[in-house]
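Peer 1: Pasting a structure here, questions to come.
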Amino acid sequence: MKYVDEFRDPELTAQLLQELEAATTKPFRVMEVCGTHTMAIFRSGLRALLPPAIELISGPGCPVCVTSASHIDAFLQMAELPGTHLAVFGDLFRVPGSNGTTLAHARARGAKIDVVYSSMDGLDLARQNPTEQVIFPGIGFETTTPGIAATILAARQQKIDNFMVFSTHKTMLPPLMALLGDPALGIDGLLCPGHVSSIIGAAAYQPLAEENHLACVVGGFEPTDILQALILMARQISEGRAEVENAYTRAVTWEGNPRARAMVETIFEPVDMEWRGLGTIKGSGLAIRKEYAGFDAQSRLSITVPESKEPPGCLCGQILKGITTPPACPLFGRRCTPASPVGPCMVSSEGTCSAWFNYGNDSH
Amino acid sequence: MSSQTQKTILLDHGSGGLASQELISSLFLKHLGNKVLSALEDSAVMENQPGRLAFTTDSYVVDPIFFPGGDIGTLAVHGTINDLAMRGARPLCLSLGLILEEGLPLADLERIIISIKDASQGSGVPIVTGDTKVVPRGKADKIFINTSGIGLVADGLEISATRAQAGDKIILSGSMGDHGITIMTRRAGIALAGDLRSDSMALHAMVQKLLAGLPEGTIHTLRDPTRGGVATSLCEIAGSSGLMIEIEEAHIPVRAEVRAACEILGLDPLYLANEGKCLTLVAPEIADQALALMQACPEGAEAAIIGTATSGNPGRVVLKTTIGGTRVVTPLHGAPLPRIC
């Protein structure tokens, strides 16, 4: 397959692995921020091939995983209101709220919930069902938010007033600033998320690199993309540099996508946001502006977001912070499996626990 | 039937009265009739034949009911035939149970019955008994089908997952994921370029050629990787046989369209359903011969040896990735869902 096979070429991979080995002069810890990176590293088998001096820690970049239990409870609350119809991303469907109930349970009890691939599908659903209130639970980072903003703009333009978004949208930099400021984490390098970076631009990581002396490298998602990013990172660490470099130039520029950011700015404004496992982080969320309140499910349906209760024993919070790895959790693989997940990191296909469970390798 | 093209299924069609009889004669017997079925007795009586009986049943509730490469009718015939074939049975006959939703267009029902006729005649396995019920609108989704099948297994022939042996070569009869991705993209209304189509087909003829062409006892296991895909079937075989299974990603046939759709939707073709493929575990010394026999059949033209069973870590399936890494393959948990980004 064009544009994919080239980046999974076994010979090139072997060559890059040799280069990485040579560039790695001392052990270092890398946080891969994005869930897609976590999954790609496991799925491609790359994890087992990397030099043992490189330790990979997964970060808080799986949008489903960081959605708080209280927000899932709010989604459930909306699903059970008469006349509502939820359009949700597939991996949100099986995430348990604070008492273990999921949207899948709600649907089995009669709630109208459709799995959609894009928020625009939700808008179509609203158009086709004018007597229903179609609600799209908005989750995700800078990668998904522009699409949601575009959908709200389209809804206004097309005068579709039975479409709403419940925004739990988050931005990537505030939690990274909060997490990486903690020296106990001991992170030397940051594998910056390729998709988010295509919007915010590589330049966005400059404060992180400078303030925390971190080697920040933007990486793509194919094995050779990831290796190239790790080589740049290993060289920085060997030479004591802490800079932002871009190893994903076919998708990411220094400035990012100002048009997409402007669209997000039109619809959303920064708010404090609760993250699963990380608590409330100042200015890390996006709420729908008053001018677009007609599309804001939370205000229109007067949904109160209850306080989060984490499932007892679940270590997702620590896993999302990179403090611990899934096998250290007493629930992992026992009470918590992809078939009956306790914590969100096991639910999402991009979740760290799910990646370890599905693709975990004996060698690591 | 032209007068019926505008017509729909009514509750009367399942009442057992005149409307039922009209449906049976003008639709079912017209297309599916044979000596046994057309007798309209309460049960079909088949001639006794040598061998042991294989008996299987499966229900079909696919949405959408029509899709590129087949429909619910072709699946209902091929799926049950394949379940018989996977034990080495020669399929003898099928039953056909229909649950119809009130309001189903008669034209849709006829299209499905014609598909069933074509699949049944094409495979040489007749429908010998049947039943139809109609439920009120909203109590079923258009049409549900159950087929049961009876087949004959030659004396001495033992094919099962428990018979897999260390050293066995694993052959996949063709590309994986075609059916699953076709259904998923059609269901979600995702329009993708390329020729995505279900692989729905009967495999018993190819299996009979393998049995006839290979030394006795050299085919150990046959399994059709339907729901849960190749990954889940291999995990089941590893679990039942107590063997480890090692497969090579680079050797597993996947059509470019299927790979591309999986990349876009965040799905792994190893977990997508197939409706016309089988996994075959054979003794290593005849593996090349088995592969050649399969490749000589249209059903197995793209067959490939994808891995080996070993005595390593019992029950474990390991994939060697294209870049030379390894990862564990686990069974499917829940339904495959497209991911957020």
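The values are calculated or read from the model by the stated rules, or taken from the named source; none is laboratory data. Computed from a prediction, not measured in an experiment: that's the story for all the values here. Methodologically, a virtual Cβ is constructed for each residue, glycine included, from the backbone with ideal geometry; neighbour enumeration extends over all protein chains shown.
Peer 1: Going by what's in this entry, would residue A:298 be described as at pLDDT 90 or above, part of a helix (DSSP H, G or I) and more than 14 Å from every other protein chain (Cβ to nearest Cβ)?
Peer 2: Values: at pLDDT 90 or above: yes; part of a helix (DSSP H, G or I): yes; more than 14 Å from every other protein chain (Cβ to nearest Cβ): yes.
Judged against the criteria, residue A:298 is a match.
Peer 1: What are the residue pairs meeting all of these: first residue in region A:86-104, first residue more than 11 Å from every other protein chain (Cβ to nearest Cβ) and part of a loop (DSSP other than H, G, I, E, B), second residue surrounded by fewer than 24 Cβ atoms within 10 Å (Cβ to Cβ) and among the basic types (Lys, Arg), Cβ atoms under 9 Å, and 6 or more apart or on different chains?
Peer 2: Correct list of pairs: A:98/A:309; A:99/A:309.
Peer 1: I've got another one for you. Looking only at residues that are over 13 Å from residue A:168 (Cα atoms) and of a type in the set (A, V, I, L, M, F, W, C) in region A:287-300, which one is farthest from the chain's Cα centre (by Cα)?
Peer 2: Step by step, filter region A:287-300, then rank; the result is A:293.
Peer 1: A further question follows. Looking at region B:73-99, which of the residues that are in a helix (DSSP H, G or I) and within 15 Å of residue B:227 (Cβ to Cβ) is nearest to the chain's Cα centre (by Cα)? Walk me through it before giving the result.
Peer 2: First, the residues of region B:73-99 that are in a helix (DSSP H, G or I): B:73-85.
Okay, now just the ones that are also within 15 Å of residue B:227 (Cβ to Cβ), so B:75-76, B:78-80, B:82-83.
Working: B:75: 6, B:76: 8, B:78: 5, B:79: 3, B:80: 7, B:82: 6, B:83: 7 Å.
Of everything passing the filter in region B:73-99, B:79 is nearest to the chain's Cα centre (by Cα).
Peer 1: Here's something else I'd like to know. Within region A:259-298, track down each residue that is over 16 Å from residue A:150 (Cβ atoms), in contact with a strand residue (DSSP E or B) (Cβ under 8 Å, 6 or more places away or on another chain) and without any contact (Cβ under 8 Å) to a residue 40 or more places away in the chain.
Peer 2: A:269, A:271, A:272, A:280 - these are the residues of region A:259-298 that are over 16 Å from residue A:150 (Cβ atoms), in contact with a strand residue (DSSP E or B) (Cβ under 8 Å, 6 or more places away or on another chain) and without any contact (Cβ under 8 Å) to a residue 40 or more places away in the chain.
Peer 1: Any idea which residue in region A:1-22 is surrounded by the fewest Cβ atoms within 10 Å (Cβ to Cβ), counting only those that are in contact with a Pro (Cβ under 7 Å, 6 or more places away or on another chain) and at the interface with chain B (Cβ under 9 Å from one of its Cβ atoms)?
Peer 2: Checking each candidate, the answer is A:8.
Peer 1: Also, I was wondering about something else. Could you tell me whether residue B:263 is surrounded by fewer than 20 Cβ atoms within 10 Å (Cβ to Cβ), outside any loop (DSSP other than H, G, I, E, B) and of a type in the set (Asp, Glu)? Walk me through how you get there before you give the answer.
Peer 2: Numbers: surrounded by fewer than 20 Cβ atoms within 10 Å (Cβ to Cβ): yes; outside any loop (DSSP other than H, G, I, E, B): yes; of a type in the set (Asp, Glu): yes.
Here the answer is yes, as residue B:263 does meet what is asked.
Peer 1: Quick one: which of A:122, A:194, A:138 is within 21 Å of the chain's Cα centre (by Cα), within 14 Å of chain B (Cβ to nearest Cβ), crowded, with 24+ Cβ neighbours inside 10 Å and free of Cβ contacts under 8 Å to residues at least 40 places away in the same chain?
Peer 2: Details: A:122 fails: free of Cβ contacts under 8 Å to residues at least 40 places away in the same chain; A:194 fails: free of Cβ contacts under 8 Å to residues at least 40 places away in the same chain.
The conditions single out A:138.
Peer 1: Looking at B:97, B:73, B:16, can you tell me which residue is without any contact (Cβ under 8 Å) to a residue 40 or more places away in the chain, under 20 Å from residue B:132 (Cα atoms) and in the same structural domain as residue B:145 (by TED's automatic domain parsing)?
Peer 2: Details: B:97 fails: without any contact (Cβ under 8 Å) to a residue 40 or more places away in the chain; B:73 fails: without any contact (Cβ under 8 Å) to a residue 40 or more places away in the chain.
Going through B:97, B:73, B:16 in turn, the sole match is B:16.
Peer 1: Take residues that are farther than 17 Å from residue A:33 by Cα and tell me which of the helices (runs of 4 or more DSSP H) falling wholly in region A:301-364 contain 2 or more. If you could, list the steps in order and put the result at the bottom.
Peer 2: Details: elements: A:316-320, A:344-347, A:352-359.
Because the criterion is at least 2 residues that are farther than 17 Å from residue A:33 by Cα, the helices (runs of 4 or more DSSP H) in region A:301-364 that meet it are A:352-359.
Peer 1: Taking region A:146-166 as the search range and keeping residues that are charged (D, E, K, R) and over 27 Å from residue A:200 (Cα atoms), which one is surrounded by the fewest Cβ atoms within 10 Å (Cβ to Cβ)?
Peer 2: We begin by selecting, within region A:146-166, every residue charged (D, E, K, R); these are A:156, A:159, A:161.
In the following step, the residues that additionally are over 27 Å from residue A:200 (Cα atoms) were identified as A:159, A:161.
Numbers: A:159: 6, A:161: 14.
Once the filter is applied, the top-ranked residue is A:159.
Peer 1: Which condition from (1) at the interface with another protein chain (Cβ under 10 Å from one of its Cβ atoms); (2) of a type in the set (A, V, I, L, M, F, W, C); (3) within 23 Å of the chain's Cα centre (by Cα); (4) buried (at least 24 other Cβ atoms within 10 Å of the Cβ) is the one that residue B:319 breaks?
Peer 2: Failed condition: (3).
Peer 1: Being hydroxyl-bearing (Ser, Thr, Tyr) and touching a helix residue (DSSP H, G or I) at 6+ places or on another chain (Cβ under 8 Å): is that true of residue B:310 here?
Peer 2: Details: hydroxyl-bearing (Ser, Thr, Tyr): yes; touching a helix residue (DSSP H, G or I) at 6+ places or on another chain (Cβ under 8 Å): no.
It is false that residue B:310 is hydroxyl-bearing (Ser, Thr, Tyr) and touching a helix residue (DSSP H, G or I) at 6+ places or on another chain (Cβ under 8 Å).
Peer 1: Right, here's the next one. Return yes when residue A:303 is more than 18 Å from the chain's Cα centre (by Cα), touching a residue at least 60 places away in the same chain (Cβ under 8 Å) and more than 22 Å from residue A:48 (Cα to Cα) and no when it is not. Please lay out each step first, then the result.
Peer 2: Values: more than 18 Å from the chain's Cα centre (by Cα): yes; touching a residue at least 60 places away in the same chain (Cβ under 8 Å): yes; more than 22 Å from residue A:48 (Cα to Cα): yes.
Criteria met by residue A:303.
Peer 1: Checking residue B:336 against (1) within 25 Å of the chain's Cα centre (by Cα); (2) at pLDDT 95 or above: exactly one of these is not met. Which one?
Peer 2: (2)
Peer 1: Something else: Which of the residues belonging to region B:100-149 are under 22 Å from residue B:203 (Cα atoms) and in a strand (DSSP E or B)? Lay out the reasoning, then the answer.
Peer 2: Looking only at region B:100-149, we keep the residues that are under 22 Å from residue B:203 (Cα atoms), and these are B:112-128, B:145-149.
Passing the criteria: B:127, B:128, B:145, B:146, B:147, B:148, B:149.
Peer 1: I would also like to ask the following. For residue A:65, only one of the following conditions fails: (1) in contact with a Lys or Arg (Cβ under 9 Å, 6 or more places away or on another chain); (2) assigned to a helix (DSSP H, G or I); (3) in contact (Cβ under 8 Å) with a residue 60 or more places away in the chain; (4) within 14 Å of chain B (Cβ to nearest Cβ). What is its number?
Peer 2: (2)
Peer 1: The conditions are (1) farther than 30 Å from residue A:55 by Cα; (2) in contact with a His (Cβ under 7 Å, 6 or more places away or on another chain), and residue A:283 fails exactly one of them. Which is it?
Peer 2: Of (1) farther than 30 Å from residue A:55 by Cα; (2) in contact with a His (Cβ under 7 Å, 6 or more places away or on another chain), only one is false for residue A:283: (2).
Peer 1: What number of residues in region B:224-258 are farther than 20 Å from residue A:358 by Cα, of a type outside the set (Asp, Glu) and either buried (at least 24 other Cβ atoms within 10 Å of the Cβ) or within 12 Å of chain A (Cβ to nearest Cβ) (or both)?
Peer 2: Number of matching residues: 4.
Peer 1: Within region A:228-251, track down each residue that is assigned to a helix (DSSP H, G or I) and under 21 Å from the mean Cα position of the chain (by Cα). Talk me through it step by step, then tell me what you get.
Peer 2: To start, the set of residues in region A:228-251 that are assigned to a helix (DSSP H, G or I) comprises A:228-239.
Hits for region A:228-251 are A:229, A:230.
Peer 1: Looking only at region A:328-350, decide whether some residue is polar (S, T, N, Q) and more than 9 Å from chain B (Cβ to nearest Cβ).
Peer 2: As a first pass, look at region A:328-350 and keep what is polar (S, T, N, Q): A:337, A:340, A:348-349.
Restricting the remaining residues to those that are more than 9 Å from chain B (Cβ to nearest Cβ) gives none.
No, the conditions are met nowhere in region A:328-350.
Peer 1: Scan (1) surrounded by fewer than 15 Cβ atoms within 10 Å (Cβ to Cβ); (2) more than 18 Å from residue B:21 (Cα to Cα) for the single condition residue B:131 breaks and write down its number.
Peer 2: It is condition (2) that residue B:131 fails.
Peer 1: Output yes when any residue across region A:46-62 is within 12 Å of chain B (Cβ to nearest Cβ), buried (at least 24 other Cβ atoms within 10 Å of the Cβ) and in a loop (DSSP other than H, G, I, E, B), and no when none is. Outline the logic, then answer.
Peer 2: Our first condition is that a residue be within 12 Å of chain B (Cβ to nearest Cβ); within region A:46-62, this holds for A:46-50, A:61-62.
Applying the additional criterion that residues be buried (at least 24 other Cβ atoms within 10 Å of the Cβ) yields A:46, A:61-62.
This time we only want the ones that are in a loop (DSSP other than H, G, I, E, B), so: A:62.
Yes; the residues of region A:46-62 include at least one that is within 12 Å of chain B (Cβ to nearest Cβ), buried (at least 24 other Cβ atoms within 10 Å of the Cβ) and in a loop (DSSP other than H, G, I, E, B).
Peer 1: Turning to a different aspect of this structure: Can you name every one of the helices (runs of 4 or more DSSP H) wholly within region A:134-226 that holds 1 or more residues which are polar (S, T, N, Q), modelled with pLDDT of 95 or more and over 19 Å from residue A:240 (Cα atoms)? Walk me through it before giving the result.
Peer 2: Values: elements: A:145-157, A:173-180, A:194-200, A:206-212.
Helices (runs of 4 or more DSSP H) meeting the threshold: A:145-157, A:194-200.
Peer 1: Something else now. Output the residues belonging to region A:23-45 that are surrounded by 20 or more Cβ atoms within 10 Å (Cβ to Cβ) and either farther than 30 Å from residue A:91 by Cβ or more than 14 Å from chain B (Cβ to nearest Cβ) (or both).
Peer 2: Passing the criteria: A:24, A:28, A:30, A:31, A:32.
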